[in-house]
Amino acid sequence: MQNNKLSMTDTLGLGFMTFAFFLGAGNLIFPPLAGFLAGENMSWAMIGFLLTAVTLPLVTLIAVAKANGKVMGLLPPLAATMLAIAIYIIIGPAFAAPRAGLVAYEMGYKPFIQDAQASFEVAGVVFTSSQLLYTSIFFGIAMLLSLFPGKLLDSVGKVLTPIMIILLVGLAISVVVLPGSDVAAAVGDYQTNPLTKGIIEGYNTMDTLASLIFGMLIIDLLRKKGVDSPREQTKYLVRAAFIAAGGLAFVYVSLFYLGATAGDLAVGADNGGVILTNYVNYQFGASGQLLLAAVVTLACLTTVVGLVSACAEYFNELMPSLSYKLLVVVMSVTCAVVANVGLAQLINISIPVLVTIYPVAIALVAVTYLTERFAQPAFAHRMVLSVALVFGIIDGLKAAGVNMSMFDVMPLSAQGMAWLIPTAITIFACLMVKRPRGEAVLN
């Protein structure tokens, strides 16, 4: 067994790569709008958002390290496989990766072209010419980078990410030095429930789901670097997680503040990307737009590379007859096709799915940390995740517009978090179960 150690440069590169994988579409478009709508209640909304968009991904990465990449090991094989497939599809070809390509198009390319609406129809499906061309090139580049996973740390962590960080720091400084206007009053749910609303908004980044995947991808990359000791893998993964969490928190706080002080620049905006684009245009003109285009394109590209690589790795292990390179090509082409659905439509479709699956992911992380405290770990994992799934489905159906008024009596139902208390009670009940006398404690 090799026990290679990473140099300080490689460790920083690993952390930067992890940060880059997380920093994608949702991380840039949701905080500005949340900050604008939260207004005077921005602080509470930001705390909620940081809980699910920074703290949860951080503890999830550490949980993956703690379980040596086997966070679903105590679930029935079929259930574990189905959950993993669902998560990979959500963060891969169904939602997260295509959304990243769409945001790159909307913010990094579309503002520079005059005729973005030229379209044509194929088999009843309408395609926008510029969007189809851009997404084809974008996912083509992502495919080429993903075909060589052993070079991800060098190409993403040491080259692309430092450039992106410099650009983001410049944007953050401008937000503080050149704020748009005074903070306005809160709007909608941010008036009465800014904390829980911020928590739900944090779901949209999909970062907790991505952590389950990226943690395993990073462990695999460490093995390729010759770090085979589980203890060393955990050490480097934890370091990478803290670097990524620090970077994400820095970005979110600056974008929240940008949205809260956007004033008239945010009027009529239906997503944070519009607010961010308007702010940059107002403060910096064409040169600022180029800067923003570079930040968004790099952020989305590095995220897609991580997602496509992780998905291809998983399905290659699941179906060895399909080669990794073939799966990379299939994933990339699928992402390019789905990306032409449209950003607003994709976001609307994804919200009920995320509201359903996120409770299960959060419950999985919680029981991973508590595994050694359960008298019957396998039973506890299965019970807790089952309860989280049942109530997550209820919240998801409600988010999809289905009449679920019969469940309104449940605590936190109005905030879309009906799953929280039943899941917590189930965890507590499983902790209270006594270990049979003479049974060994699980190591």
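The single condition among (1) closer than 30 Å to Gly73 by Cα; (2) without any contact (Cβ under 8 Å) to a residue 60 or more places away in the chain; (3) within 25 Å of the chain's Cα centre (by Cα) that Ile173 does not meet is (1). For the residues Val64, Val71, the requirement of being among the β-branched types (Val, Ile, Thr) and assigned to a loop (DSSP other than H, G, I, E, B) singles out Val71. Among the numbered conditions (1) in a helix (DSSP H, G or I); (2) more than 15 Å from Ala80 (Cβ to Cβ); (3) in contact (Cβ under 8 Å) with a residue 40 or more places away in the chain, the only one that Thr371 does not meet is (2). Checked against (1) surrounded by fewer than 19 Cβ atoms within 10 Å (Cβ to Cβ); (2) farther than 15 Å from Leu168 by Cβ, Phe284 meets all criteria but (2). In the set Ile85, Ile113, Ile90, only one residue is of a type in the set (Val, Ile, Thr), surrounded by 16 or more Cβ atoms within 10 Å (Cβ to Cβ) and modelled with pLDDT of 70 or more; that residue is Ile90. Screening segment 6-52 for helices (runs of 4 or more DSSP H) wholly inside it with 3 or more residues that are surrounded by 21 or more Cβ atoms within 10 Å (Cβ to Cβ), modelled with pLDDT of 90 or more and not acidic (Asp, Glu) returns the ranges 25-38, 42-50.
The values are calculated or read from the model by the stated rules, or taken from the named source; none is laboratory data. Treat the numbers as computed from the prediction; the structure is a model and nothing was measured. All Cβ positions, even for glycine, are placed from backbone atoms using ideal geometry, and neighbour counts span all protein chains on display.
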